[in-house]
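Working notes for the structure below.
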Amino acid sequence: MNNARFSRIGFILAAAGSAVGLGNIWKFPYITGENGGGAFVLIYLMTIVFIGLSLFLAEVVIGRLSREDSVTAFETLAPKNGKLWKYSGWMVVNGVIILSFYLVVIGWIFKYIYISATTLPQNVENSSAAFGGMVTTDITNQLILFTIAFIITALIVSKGIKKGIEKANIILMPMLIVILIALLYYSTTLDGFSKAIEFLFVPDFSKVHSSSILAAVGHAFFTLSLGMGTIMTYSASLPKKTNLVRASAIVALLDTIIALIAGVVIFAIIFNFGAEPAQGPGLVFISLPAILHDMGFIGNIIGVAFFVALAFAGITSAVSILEPTVMAVINRFNTSRMKALIVLGLITYILGAMALLSNIEGIKEYVTFFGTGTFDILDFLSASILLPLGGMLVAIFVGFIIKKEVIYMLLKPYMNDTVFKIWYFSIRFITPLGVMIVMINKVFF
């Protein structure tokens, strides 16, 4: 049993490691750049508080009350129709879908650690050609790096909660934070630092549109690893005396701070060289390497540090994405961790290989369905349908199915009655509505 429980700091670092992923360091800066900066950041922060943190705590409640995997948790906590509600717990399969293409992206990051250490592209045109060439033609290197990312993730999960996941996060999360703080310190020496601070923290609401609000709501929801059973599964392994509200708030705060630090670092470099902030998904893989080239040897150092930090963030998230599904399979099918990992690993690897090949010229037509490549199908299915659906089910289950008195007694030691009423109202009405709007927008517009 010693290997089945987190320590308090272990839970915080593991949950933060789950939340702090490519969404913080890769996605947050570029969607902030696309949506005008400060006003978008303000909306994002408000959404973290009123939707993200509410749903995070709801998953913690389910995990802590049940002390079970996500499937069993829904089944045992439902006063009636438990056999039906257990299917909500299979939201953990979202993790296998996400992990399959997530590992492909981690493979790209490994490649960019090497590029940063050796030869950075001379300009944006060369950088764009290099990135496009890697994704669309370089099968061998991509498969090798994808496989390495897969093996690292599987090895950590194979060790279990205490010896694997907690130990990895206790090493990787502090290293990630140290690297980002060092990069932040360096960014303060750049001429673009003050402009980066102004861009991120001085709201200009003339740049905000309805799409910006939806993007903020969507990213706040997804960045905390919600809707796939991760936080629920981790919370089942919490020590009894853990302050659930404080632990949830610390994870949300760490997640948000790291996203903001990454934004400051990237935009300080971008503005230092007079580049535009709105550059889309290619901001990190195309624009940043070309700018780092102009900085000479220091650019190589910064590039390596940045992509190593991104790799750490990716691996800690990958581990947390896989663990809930492994735990559910172990408990529901009464099997060993290794057998569960082999079966799920095989499915993940096949899907990931298909996702990788769906970008390769001359091969992609064999892994394209209904005119869309496997990579894009998996991305859309998870982000636009399965994760929002999982989040909605959690909110409904906690807000309307579990008895209010049971939740109140669990949280009473950690929050006063007024805060509880606000949170409970949010989880019943604000959170489901916000998630539903995002889901409808992503699917139909």
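Overview of results
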| read-out | value |
| --- | --- |
| Flag if Gly10 is open to solvent by 10 Å² or more (accessible area, probe 1.4 Å), part of a helix (DSSP H, G or I) and not hydrophobic (A, V, I, L, M, F, W, C) | no |
| Which listed residue is touching a His at 6+ places or on another chain (Cβ under 9 Å), of a type in the set (A, V, I, L, M, F, W, C) and in contact (Cβ under 8 Å) with a residue 12 or more places away in the chain, from Leu55, Leu120 | Leu120 |
| Test set (1) modelled with pLDDT under 95; (2) open to solvent by less than 10 Å² (accessible area, probe 1.4 Å); (3) farther than 14 Å from Thr223 by Cβ - Ser18 fails condition number | (3) |
| Selection within segment 233-259 - of a type in the set (A, V, I, L, M) and under 15 Å from the mean Cα position of the chain (by Cα) | Val251, Ala252, Leu253, Leu254, Ile257, Ile258, Ala259 |
| Boolean, Leu288 is open to solvent by less than 10 Å² (accessible area, probe 1.4 Å), without any contact (Cβ under 8 Å) to a residue 60 or more places away in the chain and in a helix (DSSP H, G or I) | yes |
| Residue check for Phe271: buried (at least 23 other Cβ atoms within 10 Å of the Cβ), within 20 Å of Thr188 (Cα to Cα) and aromatic (Phe, Trp, Tyr) | no |
| Pairs where the first residue, in segment 248-265, is closer than 9 Å to Val20 by Cα and open to solvent by 10 Å² or more (accessible area, probe 1.4 Å) and the second is aliphatic (A, V, I, L, M) and part of a helix (DSSP H, G or I), C-beta under 8 Å, 6+ apart | Leu254/Ile12; Leu254/Ala16; Leu254/Ala19; Thr256/Leu45; Thr256/Ile48 |
| Hits in segment 398-445 (condition: within 19 Å of Leu226 (Cα to Cα) and of a type in the set (S, T, N, Q)) | Ser426, Thr431, Asn441 |
| Options Phe199, Phe221, Phe193; residue that is buried (at least 17 other Cβ atoms within 10 Å of the Cβ), hydrophobic (A, V, I, L, M, F, W, C), in contact (Cβ under 8 Å) with a residue 40 or more places away in the chain and under 30 Å from Leu389 (Cβ atoms) | Phe221 |
| Residue match in segment 293-314 (condition: under 20 Å from Thr223 (Cβ atoms), assigned to a helix (DSSP H, G or I) and open to solvent by 10 Å² or more (accessible area, probe 1.4 Å)) | yes |
| Wholly within segment 17-85, helices (runs of 4 or more DSSP H) carrying at least 2 residues that are charged (D, E, K, R) | 53-66 |
| Criterion violated by Ile170 - all others in (1) within 25 Å of Glu323 (Cβ to Cβ); (2) open to solvent by less than 70 Å² (accessible area, probe 1.4 Å); (3) not charged (D, E, K, R) satisfied | (2) |
| Count of segment 23-51 residues which are open to solvent by less than 10 Å² (accessible area, probe 1.4 Å) and either closer than 22 Å to Asn169 by Cα or without any contact (Cβ under 8 Å) to a residue 60 or more places away in the chain (or both) | 3 |
| Only one of Thr140, Thr153, Thr147 that is under 19 Å from the mean Cα position of the chain (by Cα), at pLDDT 95 or above and assigned to a helix (DSSP H, G or I) | Thr153 |
| Residue within segment 71-84 that is at pLDDT below 95 and under 22 Å from the mean Cα position of the chain (by Cα) present | yes |
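The values are calculated or read from the model by the stated rules, or taken from the named source; none is laboratory data. For clarity, every value in this text was computed on a predicted model and none was experimentally measured. Here Cβ is always computed from backbone atoms with ideal geometry, including for glycine, and neighbour counts include all displayed protein chains. Side chains are part of the model used for accessible areas, which takes the heavy atoms of the whole protein and leaves out ligands, DNA and RNA. Shrake-Rupley method; radii C 1.70, N 1.55, O 1.52, S 1.80 Å.
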